[in-house]
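Heads up: the structure comes next, in structure tokens.
The values are calculated or read from the model by the stated rules, or taken from the named source; none is laboratory data. The structure displayed is predicted, hence computed values, not measured ones. Cβ atoms come from the backbone with ideal geometry, glycine included; neighbour counts cover every protein chain shown. With ligands, DNA and RNA removed, areas are computed over all heavy atoms of the protein, side chains included. Shrake-Rupley method; radii C 1.70, N 1.55, O 1.52, S 1.80 Å.
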Amino acid sequence: MIEEKLSYRTQWTIRRYADDAAFAAGQASDVIDDGGNVLPAESVVNGNLLLQEGIQLLEDLLIGAGGTAYNNANAYLGVGDSNTAEAAGQTGLQAASNKTYKPMQATYPQRSAQTITWRAVFAGSDANYAWNEFTIVNASTDTGTNLNRKVSAQGTKASGQTWTLDVTLSIS
């Protein structure tokens, strides 16, 4: 019997910078969140749940049936403060109001071999609340098609800090 198997791996990386100047200099460092907790310069979170709407769009794009790609012009990374568990039927971030979507940094997403990386920058006045949930979406709001969702408490971003979010998706 021949077995077919597709596997994928997702990794979310949050890099923290004390301020915009530290970000410009490329100097990530431990930061203090709004609750007085020390957060590491970099956190790596593995895994996610592909959402049904994202899987269906990937299939449409694969067969040329149309749809909006997760490319530089359309892709956004979203963060929110909800800790509601991931469910395949969700259509975006679950936060009631504390959610922010940022477009791709120039030159992203990027593909190398079988890995795609998306990157967004959340500057000093962006997303200053608890970072508990994450998504890739092809619009600047939940009205777009969300590819995936991850729930993981990553601390509370303080005003003035710049945080970046990278998402890598590897398929084999």
> Considering the dipole of the stretch 5-92 built from charges on the beta carbon (Lys and Arg +1, Asp and Glu -1) around the Cα centre, which of Phe23, Tyr76, Leu58 is farthest to its positive end?
Replying inline: Leu58
>> Let me make sure I get this right: for the stretch 75-172, a, b and c are the square roots of the gyration tensor eigenvalues over alpha carbons, sorted descending. Under 1.5 in a/c it's rounded, otherwise prolate if a/b > b/c, else oblate. Which is it?
In response: oblate
>> I'd like the carbon and sulfur percentage of the solvent accessible area for the chain, probe radius 1.4 Å, heavy atoms only, ligands and nucleic acids excluded.
In response: 49 percent
> Can you tell which of Asn98, Ala85, Asn48 lies farthest toward the positive end of the dipole of the chain, using +1 and -1 charges on the Cβ of basic and acidic side chains (Lys, Arg; Asp, Glu)?
Replying inline: Asn48
>> Nothing charged except the Cβ atoms of Lys and Arg (+1) and of Asp and Glu (-1): what's the magnitude of the dipole of the chain about its Cα centre? Round to the nearest 20 debye.
In response: 220 debye
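For the stretch 68-153, with every protein chain kept in place, what is the accessible area per residue (1.4 Å probe, Å²)?
Numbers: 3570 Å² over 86 residues.
For the stretch 68-153, the solvent-accessible area averages 41 Å² per residue.
For the chain, what relative contact order do you get, as a whole percent, if you take Cα pairs closer than 8 Å and at least 6 residues apart? Could you put the intermediate results ahead of the total?
Working: 421 pairs, mean separation 53.4, N = 172.
Result for the chain is 31 percent.
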> In degrees, nearest 10, range 0 to 90: what is the angle between the Cα axis of helix 52-62 and the longest Cα principal axis of the chain?
Replying inline: 60 degrees
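Could you give the alpha-carbon Rg of the chain over 2.2 N^0.38 Å, rounded to two decimals?
Details: Rg = 16.2 Å, N = 172, 2.2 N^0.38 = 15.6 Å.
That works out to 1.04 for the chain.
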> Which longest uninterrupted range of the chain lacks any GluC sites (Glu not before Pro) assigned by DSSP to a loop state (not H, G, I, E or B) and surrounded by at most 15 other Cβ atoms within 10 Å?
Replying inline: 5-172
>> Between the stretch 1-22 and the stretch 38-79, what is the separation of their alpha carbon centroids in Å?
In response: 11 Å
> Hey, what do the phi angles of the stretch 161-172 turn into as Karplus ³J(HN,Hα) couplings, whole Hz, using 6.51/-1.76/1.60 and θ = phi - 60°, x for Gly and Pro?
Replying inline: 7, 10, 10, 10, 10, 10, 10, 10, 10, 10, 10, 8
> If you take the Cα Rg of the stretch 54-120 and divide it by 2.2 N^0.38 Å, with N the number of residues, what do you get?
Replying inline: 1.26
>> Within the stretch 123-152, list the residues whose amide N lies under 12 Å from a label point set 7 Å along Cα→Cβ of Asp60.
In response: 138, 144-146
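With a Förster radius of 30 Å, plug the Cβ-Cβ distance of Gln52 and Ser112 into 1/(1 + (r/R0)^6) and report the FRET value to the nearest 0.05.
Numbers: r = 28 Å, r/R0 = 0.93.
E(calc), rounded to 0.05, equals 0.60.
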>> Using the Kirkwood formula on the Cα atoms of the stretch 1-93, what hydrodynamic radius do you get, in angstrom to one decimal?
In response: 16.9 Å
